[in-house]
Amino acid sequence: MALLEASNVVAGYGETEILHGVSISVNKGEIVTIIGPNGCGKSTLMKAIVGLVRVRTGAVRFRGVDISRLEPEQTVRSGLCYVPQSDNIFPSMTTRENLEMGAFVRRDDFRHRIDEMFELFPDLKRSARMKAGRLSGGQRQMLAIARALMLDPVLLLLDEPSAGLAPGLIHTVFERIRGINETGVSLLLVEQNARESLRMSDRGYVLSGGDNQIEDSGPALLNNPEVGRLYLGG
Amino acid sequence: MGFLPFVKLGLVANGIIFGSVIALGAIGLTLVYGILKLGNFAHGDYMAFGAYVAFYIVDGLLPRAGIEGAGLGPFTFGFPVLIALPLSAIVVALGAIALDLLIYRRLRQRGASTAILMMASLGVAIAIRGLVQLIWSGDTQHYPRESRQVYHLPMDVRIPPDGLFVAIVAVILVAGVYMLLTYTKIGKAMRATSDNPSLALVTGINTKHVVWWTWGIGGALAAIAGVLLAVVQAQLLPIMGWKFLIPLFAAVILGGIGNPYGALIGALVVGVSMEVSTQWINPSYKPAVAFAIMIGVLLARPHGIFGDSQ
């Protein structure tokens, strides 16, 4: 059984329907990347899965339980954490306070988890007392990911983790993502940087116009001439 | 004091006292705005309602239990006001939460815009004022009081002991709010929600509790500000809270809307400016001074004096 299974998800904002019945799945231990042109509904799919956008029809099952009617704060408790593409930190709070907020639903002593995050992202340790709004773009992205990891999630959803980062940093972020995956966390990514992302992905989906187009293994999508021409810039 | 030698220090002292009352109201107002994106036009009337609830306790309830008095130590008011202060805070805090459940929560669930929420709060303001007039009449009331000597300080500064009490209560409460926002889990969650509401949701923060706490704290501070205002002005009037809205909003906007520490500084600046202005212009124009500050800030620095570009 898949860890996450979204089937025939229809969702949108107000009158507008963005997703016309998208189905994806993530198995335990996998990295799965969703690629596709701008406005194809990648981010909306993420938001529908975590409960920020209501699922009109279709189902989202996580560990076998339907989560499509849950509020975001309940989804989080079930072990599914999400990092939005932008505005993904609390800017007026310190780095450490951001991590504490990430652990909001934890009842136990989570200080060791903060130390683990500082080990994983040494930059954050140095800026622990700094207001997160003053961090650099790369540090912000690390903090956003670390915040979501505070709950020891089973599945991590990352919306464009490399957006707006310098090329050197993009590589570091992907390396960290692979490292997180090696600790047993499954990942679902939306990425503009499709090549690098697909290279490390077990599987990938191509989304277009709010519908599924292609599903295949990461390397196979990379080598698919049609995908290359349409979505990977030739 | 070498600066502004032409300013009467006594007026500055009065301004600080008046400013500390503004601060208690403004901190609640700015917290509610930061977290709920609601410019609460009823905040002044929450203050007035708090002042009247305390009046009911002091004038109606406590005398029945044989607790009466005025002129406690150097102060004009008596022990009953000290009992009424926290009780009124609790009543208004619960009332503010109840009004949220009854009105604002439903509006939010329907995706009401900031303007709609503001209009709703205007309605609440009028309703509360009407209720106060209905129960306690529109006449001037006051807490039982005995006249007391003012403190004479050097440089012709005179401070009424009541004013000193007001400032001390305000300092304690502001320190309490600071501790809550800085060190407690719910306080940090309030700041997080104010920073980024949708991220707070997906982080698992229980935003419902955050909303309750925000109204509870805002309502309690408003009630205490109302009682203190009634103490320093030596009278209660149903309109007292509504008239206080301009200094409140001026302080909040000056400090950067949503920023509680900014609101504190803004309140002191507005309070002192209003009082000092009476040296040159008719005291009845005091609200105009607050209004001028508000307009000036909105034109020059719409994010407030501490506001940054983010």
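The values are calculated or read from the model by the stated rules, or taken from the named source; none is laboratory data. Note that the structure is a prediction, hence the values are computed from the model and not measured. Don't worry about glycine lacking a Cβ; one is built from the backbone with ideal geometry, like all the others, and counts go over all protein chains shown. Ligands, DNA and RNA are stripped out before the accessible areas are found, and what is left, the full protein with its side chains, is counted by its heavy atoms. Shrake-Rupley method; radii C 1.70, N 1.55, O 1.52, S 1.80 Å.
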Within the stretch A:102-120, can you find the residues that are buried (at least 21 other Cβ atoms within 10 Å of the Cβ) and more than 8 Å from chain B (Cβ to nearest Cβ)? A:A103, A:M117
Among the residues in the stretch B:74-95, are any of a type in the set (S, T, Y), part of a helix (DSSP H, G or I) and open to solvent by 10 Å² or more (accessible area, probe 1.4 Å)? no
Go through (1) open to solvent by 20 Å² or more (accessible area, probe 1.4 Å); (2) in contact with a helix residue (DSSP H, G or I) (Cβ under 9 Å, 6 or more places away or on another chain); (3) of a type in the set (S, T, Y) one by one and return the number of the condition B:T203 breaks. (1)
Pairing a residue in the stretch B:165-192 that is within 11 Å of chain A (Cβ to nearest Cβ) and open to solvent by 20 Å² or more (accessible area, probe 1.4 Å) with any residue that is of a type in the set (D, E, K, R) and in a helix (DSSP H, G or I), where Cβ atoms lie under 6 Å and the two sit 6 or more apart in sequence or on different chains, gives B:K188/A:E97
Looking only at the stretch B:280-310, filter to residues that are open to solvent by less than 50 Å² (accessible area, probe 1.4 Å) and in contact (Cβ under 8 Å) with a residue 24 or more places away in the chain; which one of those is farthest from the other protein chains (Cβ to nearest Cβ)? B:A290
B:S113 vs. criteria at pLDDT below 95 and either within 13 Å of B:L38 (Cα to Cα) or within 18 Å of the chain's Cα centre (by Cα) (or both): yes
Report yes if B:G69 is open to solvent by less than 40 Å² (accessible area, probe 1.4 Å) and farther than 21 Å from B:I135 by Cβ, otherwise no. yes
Pick from the stretch A:77-101 the residues that are more than 9 Å from chain B (Cβ to nearest Cβ) and assigned to a helix (DSSP H, G or I): which of them is nearest to B:I257 (Cα to Cα)? A:T95
Can you find, within the stretch B:32-45, the residue that is nearest to B:A167 (Cα to Cα) among those that are open to solvent by 10 Å² or more (accessible area, probe 1.4 Å) and in a helix (DSSP H, G or I)? B:Y33
May I ask you to list the residues in the stretch A:160-200 that are open to solvent by 10 Å² or more (accessible area, probe 1.4 Å), free of Cβ contacts under 8 Å to residues at least 60 places away in the same chain and of a type in the set (A, V, I, L, M, F, W, C)? A:L165, A:A166, A:L169, A:I170, A:V185
Among the residues of the stretch A:18-37, is any open to solvent by 10 Å² or more (accessible area, probe 1.4 Å), in a strand (DSSP E or B), in contact with a Leu (Cβ under 7 Å, 6 or more places away or on another chain) and touching a residue at least 12 places away in the same chain (Cβ under 8 Å)? yes
Considering only the stretch B:193-207, state which residues are more than 13 Å from A:Q74 (Cβ to Cβ) and facing chain A (nearest Cβ under 7 Å). B:D195, B:N196, B:S198, B:L199
Between a residue in the stretch B:92-115 that is over 30 Å from B:F55 (Cβ atoms) and any residue that is open to solvent by 50 Å² or more (accessible area, probe 1.4 Å) and in a loop (DSSP other than H, G, I, E, B), which pairs come within a Cβ distance under 7 Å, given they are 6 or more apart or on different chains? B:T114/B:K37
All positions within the stretch A:46-70 that are away from chain B (no Cβ under 13 Å), in contact (Cβ under 8 Å) with a residue 40 or more places away in the chain and of a type in the set (V, I, T): A:V55, A:T57, A:V60
Please work out if A:L157 is in a helix (DSSP H, G or I) and either in contact (Cβ under 8 Å) with a residue 24 or more places away in the chain or surrounded by fewer than 22 Cβ atoms within 10 Å (Cβ to Cβ) (or both). no
Of the listed residues (B:L248, B:L268, B:L229, B:L254), the one being under 26 Å from B:A48 (Cβ atoms), surrounded by 17 or more Cβ atoms within 10 Å (Cβ to Cβ), in contact with a Phe, Trp or Tyr (Cβ under 8 Å, 6 or more places away or on another chain) and away from chain A (no Cβ under 14 Å) is B:L229
